[in-house]
1. Being under 17 Å from the mean Cα position of the chain (by Cα) and open to solvent by 50 Å² or more (accessible area, probe 1.4 Å) is the filter here, so list the residues in the stretch 19-58 that pass it.
2. Is at least one residue of the stretch 170-182 more than 18 Å from the chain's Cα centre (by Cα), away from ligand 2 (no atom under 12 Å from the Cβ) and either closer than 26 Å to E77 by Cα or in a loop (DSSP other than H, G, I, E, B) (or both)?
3. Being assigned to a strand (DSSP E or B) and over 15 Å from L6 (Cα atoms) is the filter here, so list the residues in the stretch 241-275 that pass it.
4. Show the residue pairs meeting these rules: Cβ distance below 6 Å; 6+ apart or different chains; first residue within the stretch 57-83 and touching a residue at least 12 places away in the same chain (Cβ under 8 Å) and outside any strand (DSSP E or B); second residue open to solvent by less than 40 Å² (accessible area, probe 1.4 Å) and acidic (D, E).
5. What pairs can you find where one residue is in the stretch 212-228 and at pLDDT 90 or above and open to solvent by 20 Å² or more (accessible area, probe 1.4 Å), the other is more than 16 Å from ligand 2 (Cβ to nearest atom) and acidic (D, E), and their Cβ atoms are less than 8 Å apart, with a gap of 6+ or different chains?
6. Identify, from the list R117, R133, R149, the residue that is away from ligand 2 (no atom under 16 Å from the Cβ) and of a type in the set (K, R).
7. Looking at the stretch 93-102, can you tell me whether even one residue there is crowded, with 24+ Cβ neighbours inside 10 Å and within 9 Å of ligand 2 (Cβ to nearest atom)?
8. Looking for whichever is out of contact with any strand residue (DSSP E or B) (no Cβ under 6 Å at 6 or more places or on another chain), surrounded by 15 or more Cβ atoms within 10 Å (Cβ to Cβ), modelled with pLDDT under 95 and within 29 Å of R117 (Cα to Cα) here; the options are V66, V61. Which one fits?
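The values are calculated or read from the model by the stated rules, or taken from the named source; none is laboratory data. No experiment lies behind these values; they were computed from the predicted model shown. Glycine also receives a Cβ, built like all others from the backbone with ideal geometry; neighbour counts cover every protein chain displayed. Calculation scope for accessible area: heavy atoms of the full protein, side chains included, ligands and nucleic acids excluded. Shrake-Rupley method; radii C 1.70, N 1.55, O 1.52, S 1.80 Å.
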Amino acid sequence: MTSKPLTVVKCGGNPAVDAAGICADIARLVREDRSVLLVHGGSGEIGRLAGRLGVPQRTLVAPDNVSTRYTDPDTLEVVILALAGAVKPRLIAELARHRVPAVGLTGMDCRMLRAQRKSAVRSVVDGRTVLVRNNLSGRITTVDTGLPRTLLHAGYVPVVSPPAIDEHDQAVNVDADRAAAALAAALGAEELLLLTGAPGVLADPDDPGSVQSSIQISPTGAPDPSARGGMALKLIAAREALAGGVGSVRIADGRIPEPVSRTLAGAGTTVHISRAESPNHSSREREIRR
Ligand SMILES: Nc1ncnc2c1ncn2[C@@H]1O[C@H](COP(=O)(O)OP(=O)(O)O)[C@@H](O)[C@H]1O
Ligand SMILES: CC(=O)N[C@@H](CCC(=O)OP(=O)(O)O)C(=O)O
C-alpha cells in the first residue's frame with residue numbers, strides 16, 4: 001500500500017475521450033495530495049497507425065461476446081509503437097504542462113506486469129467457434145508492485161500501458177482495462193475509474209440515455225447480457241478489481257469536461273459483484289484470479 005489513498009484512472013483509447021481533461025483532473029488530485037496511477041489503452045491510435053503502416057487488423061470475438069485484438073508479430077509492433085510511442089508521450093506532455101511529475105512505463109518495465117500467452121483462443125467466425133493460434137496476446141498472472149509503489153511513494157504519477165511481459169521475457173499484448181484492474185488490486189487502490197467513450201454501462205447499448213447508475217454483475221461467466229465487445233471486457237476487468245479488494249469501480253464517460261472529478265462525484269456506473277470475495281492485497285506480488 002502507498003501511504004496515501006490511491007486512485008487508479010484508466011483512460012480509454014476512443015479518440016473522443018478527453019485525455020487533456022483527464023490530465024487536468026489528475027493534476028487537481030495530485031495538488032490535493034492524493035496518489036494517482038494512470039493506465040491507458042489506445043485502440044483508436046493502434047487502428048490509425050496500423051492503417052498508416054498497412055498492417056491488417058483482426059478482432060477476435062469470443063463466445064461470451066468479449067472482443068480482443070488478434071496480435072500477430074506485426075500487430076504487436078504496432079501496439080507498442082502506438083501505446084509507448086504515441087499515446088503515452090502525449091499524456092506525459094499533457095501532465096507536464098500541469099507540472100505533474102509523470103513517469104511513463106509499460107508493463108514490461110522491471111517485469112511489472114507478467115502475463116501468460118494464450119496458446120490458442122476461441123473465436124466466433126461466421127457463427128462457428130474456431131481455435132485461433134499464434135496470437136501474441138495473453139492474460140496477466142502477476143503484478144510486481146515494487147516499481148509503482150516506489151514511484152507513488154516518492155510522489156510521482158506512473159503512466160502505465162500494455163504490453164506485459166511473458167515467461168520468456170517477450171512482450172505480450174494484454175487488455176488495458178484488465179491491466180488497470182490488476183494494478184489497482186495489487187496496489188490496494190481505493191478506487192478504479194474506467195473512463196471510456198460511453199456515458200457508463202447502458203441497459204440498451206443503442207440508447208445513450210439508458211445509463212445505469214449501478215450494476216450488479218455475475219461473479220462468473222459473462223458479467224452482464226447488455227454489455228458487448230469492449231464493454232463486456234471492461235466489466236470483467238471491474239469484477240477482477242473488486243474481487244482483488246479495490247474499494248469501488250466506476251465506468252464513466254471520458255468525453256465530458258472534468259471527467260475524473262465528475263466520476264468521483266457520482267457520474268457513470270458503479271459496478272458491484274453479486275457475491276463478495278474477501279480482499280487480499282497485502283503482498284508485493286500476488287496472483288491475479290482468473
Ligand atoms: N451496454 C453497453 N454500455 C455501454 N457501452 C457499450 C455497451 N455494450 C457495448 N458497448 C461499447 O463498448 C465501448 C467501450 O469499450 P471500448 O471501446 O473497448 O472502450 P475503451 O477503448 O475505453 O477501453 C463503448 O464505447 C460502446 O461502443
Ligand atoms: C489484447 C488487446 O486487445 N490489447 C489491447 C491493448 C490496448 C487497449 O486495451 O486499448 P483500449 O483501452 O483503448 O481498449 C489492444 O490491442 O487493443
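1. Going residue by residue through the stretch 19-58, those that are under 17 Å from the mean Cα position of the chain (by Cα) are 19, 22-23, 26, 36-46.
Passing the criteria: only S43.
2. Looking through the stretch 170-182, at least one residue is more than 18 Å from the chain's Cα centre (by Cα), away from ligand 2 (no atom under 12 Å from the Cβ) and either closer than 26 Å to E77 by Cα or in a loop (DSSP other than H, G, I, E, B) (or both).
3. Narrowing the stretch 241-275 to residues assigned to a strand (DSSP E or B): 248-253, 269-273.
The answer is I251, A252, D253, T269, T270, V271, H272, I273.
4. These pairs meet every condition: A82/E45.
5. Pairs that qualify, where the first residue is at pLDDT 90 or above and open to solvent by 20 Å² or more (accessible area, probe 1.4 Å) and the partner is more than 16 Å from ligand 2 (Cβ to nearest atom) and acidic (D, E), are S218/D224; P219/E277.
6. Values: R117 fails: away from ligand 2 (no atom under 16 Å from the Cβ); R133 fails: away from ligand 2 (no atom under 16 Å from the Cβ).
Unique residue meeting the criteria: R149.
7. No, the stretch 93-102 contains no residue that is crowded, with 24+ Cβ neighbours inside 10 Å and within 9 Å of ligand 2 (Cβ to nearest atom).
8. On the way: V61 fails: out of contact with any strand residue (DSSP E or B) (no Cβ under 6 Å at 6 or more places or on another chain).
Selected residue: V66, the only one of V66, V61 that is out of contact with any strand residue (DSSP E or B) (no Cβ under 6 Å at 6 or more places or on another chain), surrounded by 15 or more Cβ atoms within 10 Å (Cβ to Cβ), modelled with pLDDT under 95 and within 29 Å of R117 (Cα to Cα).
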